[in-house]
Amino acid sequence: MTHLSSRLVCALAIIVLAASACREQTDVPATATTGGASENALVISKHEGRIFAGGIAPPAERVSNSAAHDAKAADEGASLFTSMNCDGCHGGGAVGAVGPSLTDGRWRYGGADANIYRSIAEGRPKGMPAYGGVLQPAMVWRLVAYIKSLPPPKDVSTEAW
Amino acid sequence: MSLPRSAVVLALSLASSLAPALARAQTAADGQWTMPSKDFAATRFSGLAQITPATVKSLHPVWSFSTGTLGGHEGQPLVVHNTMYVVTPYPNVLYAFDLTKDGYPLKWKYRPNVDQNAIGIACCDVVNRGAVYAEGKIVYNLLDGHTVAIDAASGKELWNTKIADLSKGETTPMAPLIVKDRVLVGASGGEFGILGWMKGLDLATGKIVWTATNIGPDSLVLAKAGTFKAFYDKGAQLGQSTWPTDAWKKGGAPVWGWLSYDPELDLVYYGVGNPGPYNADQRLGDNKWTASVLARRPGDGSLVWAYQFTPHDSWDFDAAAEMVLVDLEVKGKLRKALVHFDKNGFEYTMDRATGEVLVAEPYVHVNWASKIDLATGRPVLNEAKATGASKGNVKDICPTLEGGKSPASPVAYSPVTKLFYASTNSMCMDYAAVQTAHLQGTPFMGINSPYHAGSDSTNLGAFIAWDASTGKRAWEIKEKYPVWSGSLATRGNVVFYGTLDGWFKAANATTGALLWRFKVGSGVVGNPITFTGADGKQYIAVFAGIGGDWLLLSGDVNSADPADVRDPADFARDLARHTSQGGIVWIFAL
């Protein structure tokens, strides 16, 4: 789903959304919050794995990581991963403990930058806390950079003994 | 509750033949299992004797039931009035099986509404350690901080009391105990910087009657002048003075293990878990009363005595393991004893009236301390194994933070052999603490690489028989993997336990000879029970379903979530050849 379908959706939308949601989206510097949008706006980040009713993707604001090209971002994210107690649930190196592994290349709630951002900022069912109230967006993006920097193993699906 | 005459006769003959008398208020017929640890003394011993070393070879499964849930199946069923009660891990369904009908169909099931956020707040898998029966009620905890009472006959919910707060990092997997009209409960959360407590509820209404913290000032700990007397520690406000200012407010001290009760002394005994954070540099001082045994009056919660097994715990040595109350001969004298196999690797035999330590010996390899000084009650520390952020990565500490024995794996005592039977772990760890901040609702630990098993043997565990009068091992069965089930002892002189790779086993209680085994479909982390069926025969029941702490450690035994794929644990690379998660109740008979 790309710009083309976004335009189609904008054209077809009957629900009044914030004008910003229908702007042509490229790389919006990310506060994945509604900054500047009207009160009724919903920011929906794209989840590639979703199935769209009617085959139509809802209006989405494409959000990407402002820290993606910052070489130090992943290192800073690694420190945050410890200081914000992420490792207490996800294990040191995010290999999984109470919470799932974040290094296996598999994602319950989507692996795009925006999905991971939302998982951290808004929390998820089954006990992932919402950190958006205590972490500035720039800090959340550093965590996203760190998590995305963890290389998934080449083959996770089969164990041969 | 009226008892069958034969059961009364059996109970009386047992009582007279088992002199010196055990410290248990045994009114239930021995063919039932009405409380988590079998009796108030927590012996997990049954007087049933049809299954013996001679007959156990014909033990075979007669029934099984899939609980429909995954997650570690800790705890044990209850059997009351020919009904078996099973509490599952989250979402904590309560099943009631009719043992008088062919195939043991359900009488009813109770499906509570449990907050799924509890899944991520529970440190150590979504386990439940069991229910308790009293006065026609089945009482147990939901993982999300509620205690419920269910009518044992009809399955109707009688009351539902919120006792704990998920948003503070509290969850409630422990099994309550009921003493007269008081329901006793506590919360987990040592990894979340809670302010740990015990509560006493009214059995009839579920109302919270008292709350006692395990740490903090005397007014919260309910340590009253004139009532409280610790054997080794003098002075007041010990739960506060042994912490830096206010550190106790997020000091952990959870209650996640087993409760026992002495009706003559009117004391409830329980172990308190670890202090928070794991980085001990942030909480200088003894940190009382974490990693301690507390003795309280069940009626009003007042603290009578306390003893700390691991002062200033720097290794996550929760003292949550069971306090077994038996009268033992120690150094030629009969003592009212309390026996406790601590995570820290020492077995303690104590005077349960005063808290004096009579015997303290290592039951696994221990190197964080050389011994327990009986004059002071304190461990003699090995400074090389002290941890804290200032000490970096401290290597090869034994035992690991899973303990020489996990509190989730309770022992059994046999008055026939006068031995304790324990599931133990033979492993060591590296421990690297780091500075951490407390953020409510998130882990408060400060540990970078908490666990790395190193071991000097190929056997990661053993099932042992232990003499607590002298602090000596009688025999052991070495196991490939750490042993995580509870134990069952019987008058027939057979003991039962289960392994992580899914074998349920029986051994001769005197010699340790392995007599029988059966592969139960998933690792065993629960506690076997025995009961008399409606036909008068002896039955054995146990859960299969690997999990608990072991779920966090063993990496790849989860098959059910495609988005959570882990490497095998480096110290047990092939465990997943033998087990995945599961959830089955098994019943065996001759």
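The values are calculated or read from the model by the stated rules, or taken from the named source; none is laboratory data. Small disclaimer: the values here were computed from a predicted structure and weren't measured. Neighbour counts run over all protein chains shown; Cβ positions are idealised from the backbone, glycine included. Surface areas here come from the heavy atoms of the whole protein model, side chains and all, with no ligands, DNA or RNA. Shrake-Rupley method; radii C 1.70, N 1.55, O 1.52, S 1.80 Å.
How large is the charge dipole for chain B, taken about the Cα centre, if only the Cβ atoms of Lys, Arg (+1) and Asp, Glu (-1) carry charge, to the nearest 20 debye?
Numbers: 52 positive and 54 negative charges, 233 e Å.
Charge dipole of chain B: 1120 debye, to the nearest 20.
Once the cut-off is 24 Å, how many percent of the Cα-Cα pairs in the stretch B:304-397 end up in the long-distance tail?
On the way: 1013 of 4371 pairs.
More than 24 Å apart: 23 percent of the Cα pairs in the stretch B:304-397.
Assuming charge only on the beta carbon of Lys and Arg (+1) and of Asp and Glu (-1), the dipole of the protein assembly as shown about its Cα centre is about 1200 debye to the nearest 20.
Please state the relative contact order of the stretch A:41-149 as a whole percent: Cα pairs under 8 Å, 6+ residues apart? Intermediate results must be reported in sequence, preceding the final value.
Numbers: 136 pairs, mean separation 34.9, N = 109.
Taking the mean separation of contacting Cα pairs over the length of the stretch A:41-149, I get 32 percent.
Show me the ranking of peptides B:178-188, B:157-167 by mean Cβ neighbours inside 10 Å, starting with the highest.
Working: B:178-188: 23.7, B:157-167: 17.5.
Result, highest mean first: B:178-188, B:157-167.
The listed peptides A:102-110, B:480-488, ordered by packing as a protection proxy, come out as B:480-488, A:102-110 (highest mean of other Cβ atoms within 10 Å first). Under 17 Å Cα to Cα from residue B:480, which lysines show up? Leave out anything in the same chain fewer than 8 places away. The qualifying lysines are B:405, B:505, B:519.
Mind scanning B:38/B:537; B:162/B:207; B:199/B:249; A:126/B:343; B:224/B:250 and naming the pairs with a C-alpha gap bigger than 21 Å?
Values: B:38/B:537 18 Å; B:162/B:207 9 Å; B:199/B:249 17 Å; A:126/B:343 29 Å; B:224/B:250 23 Å.
Beyond 21 Å: A:126/B:343; B:224/B:250.
Among B:392-401, B:489-498, how do they line up by average Cβ neighbours within 10 Å per residue, starting with the highest? Walk me through the intermediate numbers first.
Numbers: B:392-401: 19.3, B:489-498: 26.2.
Result, highest mean Cβ count within 10 Å first: B:489-498, B:392-401.
Computed over neighbours whose Cβ is under 13 Å from that of residue A:126, the net charge equals -3, Lys and Arg +1, Asp and Glu -1.
Ligands, DNA and RNA left out, the 1.4 Å accessible surface of the stretch A:41-149 is 58% carbon and sulfur atoms.
Expressed in Å, the radius of gyration and Dmax of the Cα atoms of the stretch B:382-534 are 18.3, 62.
Could you work out the mean count of beta carbons from other protein chains within 10 Å of each residue's beta carbon in B:554-565? Let's see the in-between values first.
Values: counts 0, 4, 3, 0, 3, 0, 0, 4, 5, 9, 9, 12.
Across the residues of B:554-565, the mean count of other-chain Cβ atoms within 10 Å is 4.
Ligands, DNA and RNA are left out, and with a 1.4 angstrom probe the accessible area of chain B is 32 Å² per residue.
Averaged over the residues of peptide B:573-579, the number of Cβ atoms from other protein chains lying within 10 Å of each residue's Cβ is 1. For the stretch A:41-149, the equivalent ellipsoid derived from the Cα gyration tensor has semi-axes of 23, 16, 13 Å, listed largest first.
Keeping all protein chains in the complex and leaving out DNA, RNA and ligands, what accessible area do you get for residue B:587 with a 1.4 Å probe, in Å² to the nearest 10? It works out to around 0 Å².
Under the definition of Cα pairs under 8 Å and six or more residues apart, what whole-number percent is the relative contact order of chain B? Each step should come with its number before you reach the end.
Values: 1798 pairs, mean separation 87.6, N = 590.
Reported relative contact order: 15 percent.
Residue B:273 sits among other residues whose Cβ lies under 10 Å from its own Cβ, and their net charge, with Lys and Arg +1 and Asp and Glu -1, is -3.
Bridgeable aspartates and glutamates around residue B:478 (alpha carbons under 15 Å apart, same-chain partners fewer than 8 residues away excluded): B:456, B:501.
Projecting the Cα atoms of B:516, A:56, B:270 onto the charge dipole of the protein assembly as shown, computed from C-beta unit charges around the Cα centre, puts B:516 farthest toward the positive end. Of the solvent-accessible surface of chain B, computed with a 1.4 Å probe over protein heavy atoms with every protein chain present, carbon and sulfur atoms account for 53 percent.
When you look at the Cβ of every residue in B:544-552, what mean number of other chain Cβ atoms sits within 10 Å?
On the way: counts 0, 0, 0, 0, 0, 1, 0, 2, 6.
Counting other chains' Cβ atoms within 10 Å and averaging over B:544-552 gives 1.
Within the same chain, aspartates and glutamates fewer than 8 places from residue B:336 are excluded, and of the rest, those with a Cα less than 14 Å from its Cα are B:262, B:264, B:266, B:327, B:351, B:356. Over chain B, dividing the summed -39,500 (n - 2.57) contributions of all DSSP H runs of at least 4 residues by the number of residues returns a 222 nm mean residue ellipticity of -1000 deg cm²/dmol. For the A and B pair, go ahead and give the buried accessible area with a 1.4 Å probe, both sides summed, in Å² to 100. About 2300 Å² of accessible surface is lost on pairing. Electrostatic tally near residue B:248: other residues with Cβ closer than 10 Å to its Cβ, Lys and Arg +1, Asp and Glu -1, net +3.
Farthest towards the positive end of the charge dipole of chain B, among the residues B:231, B:291, B:192, is the Cα of B:231, using unit charges on the Cβ of Lys, Arg, Asp and Glu.
Charging the Cβ of each Asp and Glu at -1 and of each Lys and Arg at +1, and nothing else, the dipole of the stretch A:41-149 about its Cα centre rounds to 300 debye.
Restricting things to Cα coordinates, could you compute the convex hull volume per residue of the protein assembly as shown in Å³? Kindly include the intermediate steps, with their values, before the conclusion.
Details: hull volume 127.0 nm³, N = 751.
Once divided by residue count, the hull of the protein assembly as shown is 169 Å³.
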